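Values in this text are rule-based calculations from the coordinates and carry no lab data. Predicted, not measured: the structure shown is a model, and the values here were computed from it. Quick reminder, even Gly has a Cβ in these numbers, built from the backbone with ideal geometry, and neighbours come from all protein chains shown.
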Amino acid sequence: MMKRKTYILLIFPVLAFFFSLNLQAQDKNNFELSKNIEIYVDILRQLNLNYADDINPGDLNKTAIDAMLKKLDPYTVYVPESQLEDFELMTKGEYGGIGALIQKQGDYVVITEPYEGFPAQKSGLKAGDKILAIDGENAKGKNTTEVSDKLKGIPGTKLVLTIESYGDTVQKEVDIIREKVKFPNIPYYGMLDNGIGYIYLTQFNPNAAADVKKAFNELKQQNDLKGIVLDLRRNGGGLLSEAVDIANIWVPKGQTIVTTKGKLSENVHVHRTRNNAIDQKIPLAVLVDNNSASASEIVAGAIQDLDRGVIIGERTFGKGLVQHVVPLPYNSKMKITVAKYYIPSGRCIQAIDYFNDNGNGKDAQVPDSLISTFKTKGGRSVRDGGGIVPDICLEPDSFDQITA
């Protein structure tokens, strides 16, 4: 009894010590926060009072915020009121734009597929058109994200593209009026040879799971279905809840699909399947490539970890971070990384360690020394630290630009 009392008496001082360390760290952060906010506000005030020319405080503030968030990760972003409409459209799978797929080729981004009925196609843009400038701004050296941001805007607004068609040297300007663009979650589904069904899912926007379920049920009802291929190539992800519900089509009720773990307890969640599976036995293959990310990796990783199907293709992108949107003053918002996610085996597939640089100011890949091995439901070995490695790895075929 005396030993137990002594043990308890020793534990309390240890707990108190670590609690005090945590409070001290928090107090230090609070002091640093208050100090730097005061400095920042005074800098803006001094610039407004004393700078040789008039300043635009809003533009300066946006620049400062963007530079600060750039030190964290590319998914934590500030959305001012002026960009809120576009942001909310994007979260619904809609946006104001020209309606075309683009791709970086050499120094420039080119149009690879103008969608029929959308502004790009209606204005005469064709696959292979090189984007030289947008509204007079040189596009040389810009990546697809930078060009995409310039092409997007409020529906009804005008932009001018300077383009050079494939195989031509003549430059021409094309006026385009942006329209609301909404692509379907599933642009195609149908039957392949030998009774194999095929579903091409391009995004995890609202109703994605319902769309996959509808496509799968139709293929089952109208055919002697012997297997199904779910194509997640080039799918950059979307809503986590849709990923869980899509896995639930082939995975039984009550199965853990993904767990999110953040600094705050409110960001720790276990996401399980909620319904009975439609088909737990049909052979399943999931196609992935290095552009399959986030929600795509949750589905592919869960199917692999639960030994429910076979993953085919390239190693996936490796985005294991979860974002929430939080409101800010003056009708602005911030999308902030709040947690990492872990698939059923317990592994996190985040490939880049944004939270620790490698000493030269650049984000580092997770080093081999920190990569761990986990087990699937059936006992197979899988690893963390860099996307989902397919069960069957395939190298993509290369095509000439004219055929791509």
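In this structure, ASN207 and GLN46 have a Cβ-Cβ separation that, at R0 = 56 Å, corresponds to a calculated FRET efficiency of about 0.65.
Relative to the present Cα-Cα distance, how much length would full extension add between VAL170 and ASN290 at 0.36 nm per residue of separation? Before the final figure, lay out each step's value.
Numbers: separation 120, 0.36 × 120 = 43.20 nm, distance 3.48 nm.
Separation in residues times 0.36 nm, less the Cα-Cα distance, equals 39.7 nm.
Protection proxy ranking of 218-225, 200-207, 391-398, by the mean of other Cβ atoms within 10 Å over each peptide's residues and highest first, is 200-207, 218-225, 391-398. Between LYS35 and GLN280, the modelled label-to-label distance comes to 5.9 nm, taking each label 7 Å out from Cα in the direction of the beta carbon. So which of LYS104/LYS126; LYS71/LYS263; LYS150/LYS172; LYS104/LYS261; LYS150/LYS261; LYS214/LYS377 end up more than 26 Å apart, counting from Cα to Cα? As for pairs spanning more than 26 Å Cα to Cα, those are LYS104/LYS261; LYS150/LYS261; LYS214/LYS377. Of the residues LEU159, LEU287, LEU47, the one that moves most in a GNM of the chain with alpha-carbon contacts below 10 Å is LEU47.
Calculated FRET efficiency, SER82 to GLN105, Cβ-Cβ distance, R0 = 30 Å: about 0.40 to the nearest 0.05. Summary of packing: across the peptides 118-126, 38-46, 378-386, the per-residue average of other C-beta atoms within 10 Å ranks them, highest first, as 118-126, 378-386, 38-46. For region 94-182, the equivalent ellipsoid built from the Cα gyration tensor has semi-axes of 19, 14, 12 Å, listed from largest to smallest. Computed over the chain, relative contact order equals 11 percent, with contacts defined as Cα pairs under 8 Å that lie 6+ residues apart.
For ASN331 and THR145, a Förster radius of 30 Å and the Cβ-Cβ distance give a FRET efficiency of 0.75, rounded to the nearest 0.05.
Helix content alone sets the calculated 222 nm mean residue ellipticity of the chain: runs of n ≥ 4 DSSP H residues at -39500 (n - 2.57) each, divided across all residues, give -9500 deg cm²/dmol.
May I ask for the net charge around GLN221, where only other residues with Cβ less than 13 Å from the Cβ of GLN221 are counted and Lys, Arg are +1 while Asp, Glu are -1? Each step should come with its number before you reach the end.
On the way: positive: LYS213, LYS214, LYS220; negative: GLU218, ASP224, ASP279.
Once positives and negatives cancel, what remains is 0.
For the peptides 132-138, 149-155, 345-351, the ranking by mean Cβ contacts within 10 Å, running from highest to lowest, is 345-351, 149-155, 132-138. A straight chain from ASP54 to ARG383 at 0.36 nm per residue would run longer than the Cα-Cα distance by 112.9 nm.
Each Lys or Arg adds one and each Asp or Glu subtracts one; over the other residues with Cβ under 11 Å from the Cβ of ILE349, this totals +2.
Prolate is the label for region 188-393. Its Cα gyration tensor axes, ordered a ≥ b ≥ c, give a/c of at least 1.5 and a/b above b/c. Between ALA209, ALA64, ALA243, the GNM of the chain built on Cα springs shorter than 10 angstrom shows ALA64 fluctuating the most. Between ASN48, ASN30, ASN290, the residue with the greatest mean-square fluctuation in the GNM of the chain (Cα pairs under 10 Å linked by springs) is ASN30. When P(r) over Cα pairs in 20 Å bins from 0, in percent is computed from the coordinates, the matching label among [x] 24, 54, 21, 1; [y] 21, 50, 25, 4, 0; [z] 25, 48, 24, 4 is [y]. Can you compute log10 of I(q)/I(0) for region 276-346 with the Debye formula, treating each Cα as one identical point scatterer, at q = 0.13 Å⁻¹? The Debye formula, applied to the Cα set alone, gives -0.51.
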